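**Student:** Quick one: the structure is below, and I'll ask about it shortly.
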Amino acid sequence: MTAIYMDNAATSFPKPESVYEAVDHFNRYMGGNPGRGSNQQTLEAGSVLLNTRETLARFFNIKDSADIAFTLNITESINTGLKGMLRAGDHVITSSMEHNAVARPLNVLRQHGIEWTQVACSQDGSLDPEDVRRAIKKNTRMICILHASNLTGTIMPIREIGHIARNAGVTFLVDSAQTAGVLPIDVELDNIDILTFTGHKGLLGPQGTGGIYISPRIQVKPLKEGGTGSLSEYLEQPDFMPDILESGTLNTPGIAGLGAGLDFIAEQGLEKIKAREQLLTNQLLDGLQQIPGVTLYGPADSNRRTAVLAFNLDNMDCGELSTYLDYEFGITTRSGLHCSPLAHQTIGTLAQGACRLSPGYFTEHADVIKVLTAIDQLSRRL
Ligand SMILES: Cc1ncc(COP(=O)(O)O)c(C=O)c1O
């Protein structure tokens, strides 16, 4: 049985064919280590980094692609942004819907004298930008917000918050894990100082790819030091982007794939991708609402959410529900707390958890019907 994949919020699957081809092509026919010497193979490998960096810069409206550093994932990017900037006595503001990629580093930083305010979101995960403004204090150094929740799909008002941050002279960091490749992100219009992204979700690249944009107005300290292929005569880490944040051999095959993912998105168009995901979300929302015993979380209006739907079925254990869907119906979902205990606490499901459906660009309407039929059957069985 071919599984129906409903877990694109964890990682997108399948990838466009061109992504598989780009990874294979790099591994099979290129294979050099960028920046390590000046032989032709190394230079060719370096061009893979440059091309993907430039594509990313166009994608996020970043003026200079050198302000983007590659990382292994957004977790590394977020850690770099937070730990590279915040110091004892600084105050940071987040929403109450953040992923553990933000919450865990901040929990550590709190033990080192950083003050952390979580602005409360409503039960559907919505955040009022005025509440963020009100939370700003004299020592506020950063506002760090996820663009959309990986639990409820709720889209956060990043443009308004970016405006507030810029007016207050506060650094604005955005976690775009659930939106890059689906919703438009413009670092200039959105006043984003630090944009973190992961390559393997909406950007359709392979796992092990991600990155961070740092505005030239600010400087962050690296999490690690090491070989960069530049200034090898010095023991000090280069202090310029992207080398300051790119120690050690990068995932160049993955970055080749990420470049192909970005090209695919550009060919299809962000509007088309968003429209398709919204159609699938509406189909799921409408169908789930008609199934007895289903409790749905997040905004009722699909314009205010991404294609992420968390739900419970009566008082059935969400892990059991996910396992039935997997083993009996061949449907891949994710249950539990989704690395987001703060978000579950906000919407009132910390004890119970939830089952999450996240269709993607390649999901068929027929698949959604099969998912709804399976949940309906389980509901009748209860
Ligand atoms: C909102 C959010 N932030 C951060 C992450 C972490 O992503 P990664 O595992 O690619 O670092 C995720 C992954 O689920 C996420 O949904």
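The values are calculated or read from the model by the stated rules, or taken from the named source; none is laboratory data. Everything quoted here is computed from the prediction, not taken from an experiment. Positions of Cβ are generated from backbone atoms using ideal geometry, with glycine treated the same way; all protein chains shown enter the neighbour counts.
**Student:** Could you look through the stretch 70-116, keep only residues that are within 12 Å of the ligand (Cβ to nearest atom) and part of a loop (DSSP other than H, G, I, E, B), and pick out the one that is farthest from ASN51 (Cα to Cα)?
**Tutor:** MET97
**Student:** Right, something else. Taking only the stretch 193-212 into account, find how many residues are farther than 24 Å from VAL19 by Cβ and within 15 Å of the chain's Cα centre (by Cα). Outline the logic, then answer.
**Tutor:** Let us first name the residues in the stretch 193-212 that are farther than 24 Å from VAL19 by Cβ, namely 193-194.
With within 15 Å of the chain's Cα centre (by Cα) added as a condition, the list becomes 194.
Matching residues across the stretch 193-212 total 1.
**Student:** Residues of the stretch 103-124 being surrounded by 17 or more Cβ atoms within 10 Å (Cβ to Cβ) and on the phi > 0 side of the Ramachandran plot, which ones?
**Tutor:** Passing the criteria: none in range.
**Student:** Another question about this same structure. For the stretch 173-201, which positions are within 11 Å of the ligand (Cβ to nearest atom) and in a strand (DSSP E or B)?
**Tutor:** The answer is VAL174, ASP175, ALA180, THR196, PHE197, THR198.
**Student:** Could you name every one of the strands (runs of 3 or more DSSP E) located completely within the stretch 291-382 that has at least 1 residues being modelled with pLDDT under 95 and surrounded by fewer than 22 Cβ atoms within 10 Å (Cβ to Cβ)?
**Tutor:** On the way: elements: 294-296, 309-313, 334-336, 354-357.
Fully inside the stretch 291-382 and qualifying: 334-336.
**Student:** Output the number of residues of the stretch 1-11 satisfying the condition of being surrounded by fewer than 16 Cβ atoms within 10 Å (Cβ to Cβ) and either outside any loop (DSSP other than H, G, I, E, B) or hydrophobic (A, V, I, L, M, F, W, C) (or both).
**Tutor:** So the count comes out to 2.
**Student:** Give me the pairs: first residue in the stretch 70-81 and in the same structural domain as ILE214 (by TED's automatic domain parsing), second residue near the ligand (Cβ under 7 Å from one of its atoms) and hydroxyl-bearing (Ser, Thr, Tyr), beta-carbon distance under 6 Å, and six or more apart or on different chains, which are they?
**Tutor:** ASN73/THR198; ILE74/THR198
**Student:** For the condition within 16 Å of the ligand (Cβ to nearest atom) and either of a type in the set (Gly, Ala, Ser) or surrounded by fewer than 20 Cβ atoms within 10 Å (Cβ to Cβ) (or both), what is the one hit in GLY210, GLY162, GLY226? It would help to see each step written out before you state the result.
**Tutor:** Values: GLY162 fails: within 16 Å of the ligand (Cβ to nearest atom); GLY226 fails: within 16 Å of the ligand (Cβ to nearest atom).
Just one listed residue meets the conditions, GLY210.
**Student:** For the stretch 50-67, which positions are among the aliphatic types (A, V, I, L, M) and within 16 Å of the chain's Cα centre (by Cα)? Lay out the reasoning, then the answer.
**Tutor:** Step one: filter the stretch 50-67 for residues among the aliphatic types (A, V, I, L, M), giving 50, 56-57, 62, 66.
LEU56 - this is the single residue of the stretch 50-67 that is among the aliphatic types (A, V, I, L, M) and within 16 Å of the chain's Cα centre (by Cα).
**Student:** Could you tell me which numbered condition ASP239 fails, if it satisfies all but one of (1) over 24 Å from VAL48 (Cα atoms); (2) modelled with pLDDT of 95 or more; (3) over 13 Å from the mean Cα position of the chain (by Cα); (4) not in a strand (DSSP E or B)?
**Tutor:** It fails just one condition, (1).
**Student:** So if I check each of GLY205, GLY169, which one is over 20 Å from THR252 (Cβ atoms) and either within 16 Å of the ligand (Cβ to nearest atom) or without any contact (Cβ under 8 Å) to a residue 40 or more places away in the chain (or both)? First the steps, then the outcome.
**Tutor:** Working: GLY205 fails: over 20 Å from THR252 (Cβ atoms).
Of GLY205, GLY169, the one residue that is over 20 Å from THR252 (Cβ atoms) and either within 16 Å of the ligand (Cβ to nearest atom) or without any contact (Cβ under 8 Å) to a residue 40 or more places away in the chain (or both) is GLY169.
**Student:** Answer with yes or no whether PRO242 is farther than 30 Å from PHE362 by Cα and surrounded by 14 or more Cβ atoms within 10 Å (Cβ to Cβ). Lay out the reasoning, then the answer.
**Tutor:** On the way: farther than 30 Å from PHE362 by Cα: yes; surrounded by 14 or more Cβ atoms within 10 Å (Cβ to Cβ): yes.
Yes.
**Student:** Quick one: GLY35 ticks every box in (1) over 22 Å from ILE155 (Cα atoms); (2) assigned to a helix (DSSP H, G or I) except a single one, so which number is it?
**Tutor:** All conditions are met except number (2).
**Student:** Now, a different point. When PRO14 is evaluated against the numbered criteria (1) of a type outside the set (Ser, Thr, Tyr); (2) over 23 Å from the mean Cα position of the chain (by Cα); (3) surrounded by fewer than 20 Cβ atoms within 10 Å (Cβ to Cβ), which criterion, by number, is the only one it fails?
**Tutor:** Of the numbered conditions (1) of a type outside the set (Ser, Thr, Tyr); (2) over 23 Å from the mean Cα position of the chain (by Cα); (3) surrounded by fewer than 20 Cβ atoms within 10 Å (Cβ to Cβ), the odd one out for PRO14 is (2).
**Student:** Continuing with the same structure: Scan the stretch 171-181 and tell me whether some residue there is touching a helix residue (DSSP H, G or I) at 6+ places or on another chain (Cβ under 6 Å) and among the hydroxyl-bearing types (Ser, Thr, Tyr).
**Tutor:** No: the stretch 171-181 contains no residue that is touching a helix residue (DSSP H, G or I) at 6+ places or on another chain (Cβ under 6 Å) and among the hydroxyl-bearing types (Ser, Thr, Tyr).
**Student:** Just checking, how many residues over the stretch 12-45 are within 16 Å of the ligand (Cβ to nearest atom) and either over 20 Å from THR252 (Cβ atoms) or modelled with pLDDT under 95 (or both)?
**Tutor:** Qualifying residue count for the region: 2.
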